[in-house]
Amino acid sequence: MDLLTLLQILDSTMRLATPLLLACLAGLFSERAGIFDIGLEGKMLAAAFLSAAVAYTSGSVWIGLLAGIAASLVLSGIHGLASITFRGNQLISGVAINFLAAGLTVVIAQSWFAQGGRTPQLSGAARFNPITLPFADSLRDVPVLGPIYYELISGHTILVYVALLCVPATWWILYRTRFGLRLRAVGENPAAVDTAGVSVVGLRFAAVGICGVLCGIAGAYLATALQAGFVKDMSAGRGYIALAALIFAKWRPWYALYATLLFGFLQALALRPDLIEAVLSFKVNGQLLDVLPYILTVIILAGFVGKAIPPRAGGEPYVKER
Amino acid sequence: MTDMAPAIELKGISKAFGPVQANKDISIRVMPGTVHGIIGENGAGKSTLMSILFGFYKADAGEIFIGGQKTSIPDSQAAIAAGIGMVFQHFKLVENFTVLENVILGAEDSALLKPSLNRARKELKALADEYGLNVEVDALIQDIGVGMQQRVEILKALYRKADILILDEPTGVLTPAEADQLFRILERLKAEGKTIILITHKLREIMDTTDTVSVMRRGEMTATVKTSETSPQELAELMVGRKVLLQVDKAPAQPGANILEVKNLNVTDDKGVHRVKDVSFNVAAGEILGIAGVAGNGQSELLEVLGGYEKATGTILVNGLELDLTGAKSDGQSRRKRGIAHVPEDRQREGLIMDYSAWENTAFGYHHDEKYQRSSLFMDNNAIRQDTIEKMERFDVRPPDPKLASKNFSGGNQQKIVLAREIERNPDLLLIGQPTRGVDIGAIEFIHQQIVALRDQGKAILLVSVELEEILSLSDRVAVMFDGKIMGERLPSETNEQELGLLMAGITEMPDKPIVEAIEENLAHAGTGKELH
């Protein structure tokens with residue numbers, strides 16, 4: 001395998017890891033605040049649909065992105081209302097959101113565009129297009145570093161870079177700001193936050209809101225950057241893989257990057273069975289490659305990651321004790 | 001003093017939770033620079049009253065004056081702003097944060113943490129020097145002992161410039177020496193002009209530390225008196241509403257043959273931590289062996305092994321016959337057949353099923369009894385209910401309603417249900433853990449009398465309690481456990497709380513450093529599975 005092939009695989013790793021990373025960070029904010037969010041999948045799906053639909057109708061991908069974020073935020077609001085305000089079961093609320101999104105997106109897409117539950121193909125300004133970083137073309141012929149810069153680092157859509165920047169930003173917010181300290185505290189011991197005179201409900205809604213924004217970007221990325229339009233169930237379990245990555249990452253931002261890159265890499269491999277055959281010198285069943293990320297998810301969730309301690313108050317509605 | 005405005009004045013505070021009137025028209029005045037005690041049984045409304053003062057609940061009626069000013073306290077933020085700090089019974093700390101982070105949480109100076117952390121570090125050092133409140137500011141809460149954690153709670157309040165400090169049952173988790181240390185800190189706070197409200201159910205603490213004391217009973221304030229002008233006896237009567245016996249009235253024990261013999265018992269829990277280390281002791285017929293110790297030093301595991309739901313190595317003989325410690329016969333059912341009855345430490349988790357009614361709970365563990373069977377297939381529920389009614393009568397369970405769910409009984413009455421179930425089976429050996437935890441004074445008296453009566457019938461009793469007073473007044477012999485080992489055995493008549501307190505912290509000889517430091521170091525270590533020193 002030559003450098004170029006390797007770079008191609010890493011390049012598609014980046015592209016495939018981006019929605020996972022955004023969703024994983026979305027889950028991180030929510031779960032660090034003590035709200036388990038199994039509805040990442042549904043939120044991404046809803047955002048994917050609405051961003052594609054609005055981008056097609058308006059012709060502007062940026063308006064589409066905003067619409068996707070709005071769709072995701074609405075579902076976040078429902079989750080917040082159910083699990084924070086009314087102290088309902090967070091898992092049930094999350095599952096309901098997933099069902100809602102899976103059904104509604106197809107129904108609305110069908111009545112809107114009548115193309116069998118998908119949106120029309122997006123092109124031009126209705127899509128996020130790759131951007132070439134400065135000097136990428138002129139540095140292209142520099143040995144080793146040139147191809148790495150041109151193939152791997154340059155040439156992604158803006159959302160890929162946004163996702164990457166979200167990692168240090170998340171770390172900084174969590175560990176260096178007042179908001180982050182309170183957010184982590186509310187996921188560990190909401191009573192401590194409450195008795196310190198800070199609103200538990202307010203903090204948790206803020207966290208769920210951030211989760212909604214990030215999920216919205218992830219969904220919009222799927223439909224307007226990774227692919228050119230919405231198709232039924234296009235999130236394809238990415239919300240759940242992001243949750244597995246979150247556990248794998250032990251609820252930490254930098255680990256979340258590494259975990260989602262690993263999952264992205266496996267997904268990238270599954271797209272290139274020819275390469276695997278060349279390296280291993282026997283044919284690997286393509287479907288087996290497809291399920292590899294999911295198998296890894298199962299293995300990780302079965303607890304082969306060492307000690308991953310979730311936020312202590314996770315999943316528990318906060319009730320003042322007498 | 002007389003022309004000063006009271007630090008706190010409550011006028012006509014009332015609060016109801018549904019049909020339960022938790023506080024009824026309560027008025028109270030606390031002068032600045034004093035320690036004011038509030039004493040009352042569980043459920044008397046002490047904590048509710050203080051939660052209203054701290055903005056946790058909104059009173060249905062009444063007014064609050066702080067330093068003479070009428071103040072409205074809708075939330076904790078307002079209480080903190082009014083200079084009130086509260087140390088809850090269950091600490092409100094984030095376990096995996098450092099001391100420093102816990103102190104600044106909610107009181108940060110700016111959106112960025114760094115300046116707040118730096119200021120807090122300086123401030124805590126000043127507070128440590130001023131009040132003797134030394135803590136390791138960079139340690140994680142989960143790594144420090146409860147005494148230290150409590151100090152963090154006090155520091156949190158002082159960092160927020162609290163002038164009024166409310167402490168809710170502060171000594172429940174402390175050893176006697178740690179409690180003494182706490183009271184010395186409170187003395188210094190008082191000397192600096194802070195006002196302290198101490199909520200407790202322990203008469204001795206009230207007598208030792210407060211200037212004035214208010215007594216609460218069933219949501220009402222029954223009296224406020226100067227501590228110097230009252231007695232424990234009078235306070236107890238005001239709390240319960242009738243005369244109570246504070247001392248257990250018991251004749252000397254008449255020990256017979258050994259019923260229980262434990263030899264070289266070792267327990268390792270499922271996390272691999274060595275919980276009970278080579279423990280040996282005997283309990284004879286007609287005697288009570290009390291096991292003292294700070295919670296989490298192996299007493300619970302000892303009871304679990306004897307009760308049949310934890311595995312162990314070593315030998316246990318009951319009536320001279322060996323118990324199965326690991327095999328098929330190491331379960332509660334087999335233990336009961338061998339004449340062992342068990343009143344577990346945590347009655348709400350291990351003693352009762354809270355959602356089940358009293359009569360169902362009365363049959364648990366003994367549901368195979370002949371008298372409870374109608375045929376080989378069906379149980380005779382009427383017989384169980386009838387039996388429950390009789391037991392409730394004998395044990396004075398209130399209300400005497402066998403169909404009431406267990407969670408709707410008060411703590412004392414729940415305990416009586418468990419006791420009735422276990423004692424009435426006429427066991428040879430009674431294991432009893434924390435018999436009066438969360439039980440009010442009136443019921444404590446009754447439960448103690450039952451335990452002594454059982455002893456006088458010639459039964460062997462193994463008593464585990466974290467309440468030293470209870471251990472000293474009930475036991476015929478006292479063994480002290482620390483870090484899974486028995487540190488020594490004493491006769492109650494020949495020892496005192498101070499000596500036992502040191503043994504509870506694993507100190508058998510005077511260390512070369514301050515005693516409280518040694519205690520803290522030892523206790524923080526115990527139960528971690530690491531070897532000491």
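The values are calculated or read from the model by the stated rules, or taken from the named source; none is laboratory data. Remember, it's a predicted structure, so these values are computed and weren't measured experimentally. All Cβ positions, glycine included, derive from the backbone under ideal geometry; neighbour counts span all protein chains shown. Calculation scope for accessible area: heavy atoms of the full protein, side chains included, ligands and nucleic acids excluded. Shrake-Rupley method; radii C 1.70, N 1.55, O 1.52, S 1.80 Å.
At a glance:
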| item | result |
| --- | --- |
| Residues located in the stretch B:30-62, provided they are within 11 Å of another protein chain (Cβ to nearest Cβ) and among the small types (Gly, Ala, Ser) | B:43, B:45, B:47, B:51, B:55 |
| Some residue of the stretch B:509-530 being more than 29 Å from residue B:148 (Cα to Cα), part of a loop (DSSP other than H, G, I, E, B) and either assigned by TED's automatic domain parsing to the domain that holds residue B:172 or open to solvent by less than 30 Å² (accessible area, probe 1.4 Å) (or both) | no |
| Residue in the stretch B:81-90 that is open to solvent by 50 Å² or more (accessible area, probe 1.4 Å), under 22 Å from the mean Cα position of the chain (by Cα) and without any contact (Cβ under 8 Å) to a residue 40 or more places away in the chain present | yes |
| So residue B:142, is it away from chain A (no Cβ under 11 Å) and open to solvent by 10 Å² or more (accessible area, probe 1.4 Å) | no |
| Subset of the stretch A:197-211 (residues that are facing chain B (nearest Cβ under 7 Å) and either surrounded by fewer than 22 Cβ atoms within 10 Å (Cβ to Cβ) or in contact (Cβ under 8 Å) with a residue 40 or more places away in the chain (or both)) | A:197 |
| Failed condition for residue A:106, given (1) within 27 Å of residue A:182 (Cα to Cα); (2) assigned to a helix (DSSP H, G or I) | (1) |
| Considering residues of the stretch B:370-427 that are of a type in the set (Gly, Ala, Ser) and surrounded by 21 or more Cβ atoms within 10 Å (Cβ to Cβ) only, the residue modelled with the lowest pLDDT | B:412 |
| Enumeration of residues in the stretch A:156-196 that are open to solvent by 10 Å² or more (accessible area, probe 1.4 Å) and polar (S, T, N, Q) | A:157, A:177, A:189, A:195 |
| Cross-chain or 6+ apart pairs with Cβ under 7 Å, the stretch B:117-135 first and under 25 Å from residue A:182 (Cβ atoms) and acidic (Asp, Glu), then assigned to a helix (DSSP H, G or I) and open to solvent by less than 20 Å² (accessible area, probe 1.4 Å) | B:123/B:159 |
| Top-ranked residue of the stretch B:63-76 - restricted to ones that are surrounded by fewer than 16 Cβ atoms within 10 Å (Cβ to Cβ) and of a type in the set (S, T, N, Q), ranked as farthest from the other protein chains (Cβ to nearest Cβ) | B:69 |
| Residue check, residue B:173 in contact (Cβ under 8 Å) with a residue 60 or more places away in the chain and in contact with a helix residue (DSSP H, G or I) (Cβ under 6 Å, 6 or more places away or on another chain) | yes |
| Flag for residue B:101 being surrounded by fewer than 20 Cβ atoms within 10 Å (Cβ to Cβ) and either touching a residue at least 24 places away in the same chain (Cβ under 8 Å) or within 11 Å of chain A (Cβ to nearest Cβ) (or both) | no |
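Matching residues to (1) open to solvent by 40 Å² or more (accessible area, probe 1.4 Å); (2) of a type outside the set (Val, Ile, Thr); (3) on the phi < 0 side of the Ramachandran plot:
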{"residue": "A:33", "(1), (2), (3)": "no, yes, yes"}
{"residue": "A:62", "(1), (2), (3)": "yes, yes, yes"}
{"residue": "A:70", "(1), (2), (3)": "yes, yes, yes"}
{"residue": "A:86", "(1), (2), (3)": "yes, yes, yes"}
{"residue": "A:90", "(1), (2), (3)": "no, yes, yes"}
{"residue": "A:99", "(1), (2), (3)": "yes, yes, yes"}
{"residue": "A:107", "(1), (2), (3)": "yes, no, yes"}
{"residue": "A:115", "(1), (2), (3)": "yes, yes, yes"}
